[in-house]
Amino acid sequence: MSSNISSATSTSAPPPTSSTSSSSAGAASALVTSQGIGSGLNIGAIVSALTTAYGAGQQNQITTQQNLLSTQLSAYGTFKSALETLQAALTPLQSAGSLASFTATVADKTVATATASPQAVAGQYTLQVQNLATPAILTSSPFSSATTAVGTGTLTINVGSQALNVNIDSTDNTLSGIAAAINSASGNPGVSASVLTTTAGARLVISGTVTGAANAITVTQSGGDGGLASLVYDPAAGTTALTQTQAAQDANFSVNNYPATSASNTVTGAISGVTLNLVGQSATGTSTTLTIAPDPTAAQTSIGTFVTALNGVLTSIQTLTGYDPTTNTAGPLNGNATLQSFQNQLENILGKLQSGNGVQSLSNLGITANAQGTYDTNSNQLTSALSANLSGIESYLSGPQGLANQINNLVNNYTQTGGLLDSIDQGLQTGLTNLSKEQTALNAQLATYSATLTAQYNAMDTAVAALKQMQTYLTAEFNQGNVQNSQSSSSLSSGTTSTKTGG
């Protein structure tokens with residue numbers, strides 16, 4: 001019986017062999033790179049959360065400072081843009097005479113038109129045009145066609161004291177070829193050529209491009225086959241193969257019955273500050289009226305642009321430095337001393353009374369402050385003031401001590417290179433650069449912290465995996481032992497064990 005019992009109990013499983021231990025070591029090694037396999041934890045999420053919490057305080061501080069500096073940088077940029085717009089609007093107001101503007105009106109526009117500069121003087125003139133300034137035009141006798149050969153050689157075309165030599169050979173000796181050669185020649189002194197074809201045939205037309213008696217045209221020829229003699233026009237030498245169909249002449253006109261001439265139909269020297277554009281001949285014995293009158297439109301536009309830009313600066317300051325109690329929202333530069341100082345200086349300039357010429361303040365121009373802290377313009381009052389006392393307004397606005405220059409000097413202190421706003425901008429940019437460096441350092445610190453946590457959690461996970469494997473093994477051994485004991489007990493109780501005796 002003892003041998004059977006011994007045989008039954010010998011069926012228990014052997015302890016782990018060396019190959020089993022090797023597999024366990026491999027599994028443990030795999031757990032190092034497979035996060036959460038042993039523990040079942042989301043190690044990546046845990047490490048991420050802990051790393052974020054670890055750096056939250058410093059990160060929030062950096063982010064808050066970056067947002068603050070970026071907001072201030074943008075706000076100062078908005079303010080500077082408003083100041084630059086104001087400076088541009090001040091330019092037309094700074095120079096004496098820049099606001100003066102005149103209209104020039106010719107009653108009969110078939111005779112002339114006119115424009116007036118700020119240097120003009122109001123007044124009325126009579127104008128009569130006897131003839132316009134004209135260029136010379138020469139025309140040849142008719143040829144059979146534009147392709148008819150004329151001759152070869154050199155055409156010398158003189159316009160006044162300037163000469164043009166045009167070489168003609170067998171490749172361009174036709175009327176059209178000669179015209180093309182003249183038009184393409186370098187150093188053209190003011191002449192063009194074309195071919196006019198009528199029922200009589202084709203004619204070469206040489207036209208001056210500049211008017212005036214001093215720009216008469218002569219044409220001579222030399223060399224070649226002599227055929228170009230048909231295109232000669234030299235009255236001094238008694239040779240006129242070409243016909244002068246229009247002579248070069250000056251314009252003849254009179255202003256207030258005083259005769260005058262001009263080589264051009266654009267006349268700039270007859271009346272101070274006025275340009276006359278002669279367009280037609282007056283009817284015999286008649287004259288037209290030229291009226292020069294002040295024009296407040298340009299000045300009104302310039303002043304209106306200035307007020308709009310001024311209001312833009314004031315509104316910008318209010319928005320950037322103010323506080324809205326209805327929304328409990330403060331401007332990005334709330335209480336900022338730089339903008340408040342500018343506003344105080346600007347208000348001192350605007351409120352200062354100036355002496356001379358009857359204009360002492362903006363209110364004399366119909367420009368007054370309103371309850372919103374900006375300025376309104378009474379356009380009717382401004383128009384009246386400009387018409388009545390333009391020189392006084394110019395004196396108030398322009399000149400070294402004029403309002404426009406005073407404001408421009410103030411603005412320039414803020415906007416110029418190296419000015420106050422430039423210094424502030426550089427300071428804010430430096431702050432952002434330093435914060436960027438702090439962010440880089442923090443990122444490196446958090447990366448190291450995250451790597452350390454990951455290594456620790458992976459080690460824990462590996463240990464947990466090994467413990468679970470051991471637990472599985474022990475549980476299996478324990479369960480197998482229970483089964484064998486149960487089988488042995490069952491055999492004994494059923495009487496299957498017997499002892500043989502001799503006999």
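FYI, it's all coordinate maths here, none of it is from the lab. As the structure is a prediction and not an experimental result, all values here were calculated from the model. Methodologically, a virtual Cβ is constructed for each residue, glycine included, from the backbone with ideal geometry; neighbour enumeration extends over all protein chains shown.
Details
- Each principal axis of the Cα cloud of the stretch 245-325 was taken in turn, and the coordinate range along them, longest first, works out to 83, 26, 19 Å.
- Local electrostatic count at Leu278 - Lys and Arg +1, Asp and Glu -1, tallied over other residues with Cβ under 15 Å: -1
- Reach of Lys468 by Cα under 19 Å, taken over aspartates and glutamates that are not fewer than 8 positions away in the same chain: Glu477
- Of all stretches in the chain that contain no trypsin sites (Lys or Arg not before Pro) in a DSSP loop with at most 16 other Cβ atoms within 10 Å, the longest one is 110-351.
- In order along the stretch 45-58, the phi-based Karplus estimate (6.51 cos²θ - 1.76 cosθ + 1.60, θ = phi - 60°) of 3J(HN,Hα) comes to 5, 5, 5, 4, 5, 5, 5, 4, 5, 4, x, 4, x, 5 Hz; Gly and Pro are listed as x.
- Using only the C-alpha atoms, the convex hull of the chain corresponds to 460 Å³ per residue.
- Inter-label distance, nm, simple model (7 Å from Cα along the C-beta direction), Ser145/Asn443: 8.2 nm
- Distant-in-sequence amide H partners of Ile367 (H built 1.01 Å from N, under 5 Å): Asn378
- Taking a point 7 Å out from the Cα of Ala107 in the direction of its Cβ, the residues of the stretch 258-286 whose backbone N falls within less than 12 Å of it are 286.
- For the chain, the longest principal axis of the Cα atoms and the long axis of helix 379-388 meet at an angle of about 40 degrees.
- Taking amide H as placed 1.01 Å from N in the peptide plane, Ala136 has its amide H under 5 Å from the amide H of Gly208, Ala248, each at least 5 places away in sequence or on another chain.
- When its C-alpha radius of gyration is set against 2.2 N^0.38 Å (N residues), the stretch 137-246 gives a value of 0.96.
- For the stretch 252-258, the Karplus equation 6.51 cos²θ - 1.76 cosθ + 1.60, evaluated at θ = phi - 60°, returns couplings of 10, 8, 9, 10, 6, 6, 9 Hz by residue, with Gly and Pro reported as x.
- Packing here is the average count of other Cβ atoms within 10 Å per residue, and on that basis the peptides 445-453, 458-466, highest first, run 458-466, 445-453.
- Taking label points 7 Å from Cα along the Cα-to-Cβ direction, Val279 and Thr297 give a separation of 1.7 nm.
- Between helix 297-321 and the chain there is an angle of about 20 degrees, using the helix long axis and the longest principal axis of the Cα atoms.
- Taking each DSSP H run with n ≥ 4 as -39500 (n - 2.57) and averaging over every residue of the chain yields -16000 deg cm²/dmol at 222 nm.
- Residue-wise HN-Hα coupling along the stretch 77-94, computed from phi with Karplus coefficients 6.51, -1.76, 1.60 (Hz; x: Gly, Pro): x, 5, 5, 5, 4, 5, 5, 5, 5, 5, 4, 4, 6, 6, 3, x, 9, 7
- Of the chymotrypsin sites (Phe, Trp or Tyr not before Pro) found in the stretch 77-163, no site is in coil according to DSSP while having at most 11 other Cβ atoms within 10 Å of its Cβ.
- Reducing the stretch 85-118 and the stretch 273-295 to their Cα centroids gives an inter-centroid distance of 18 Å.
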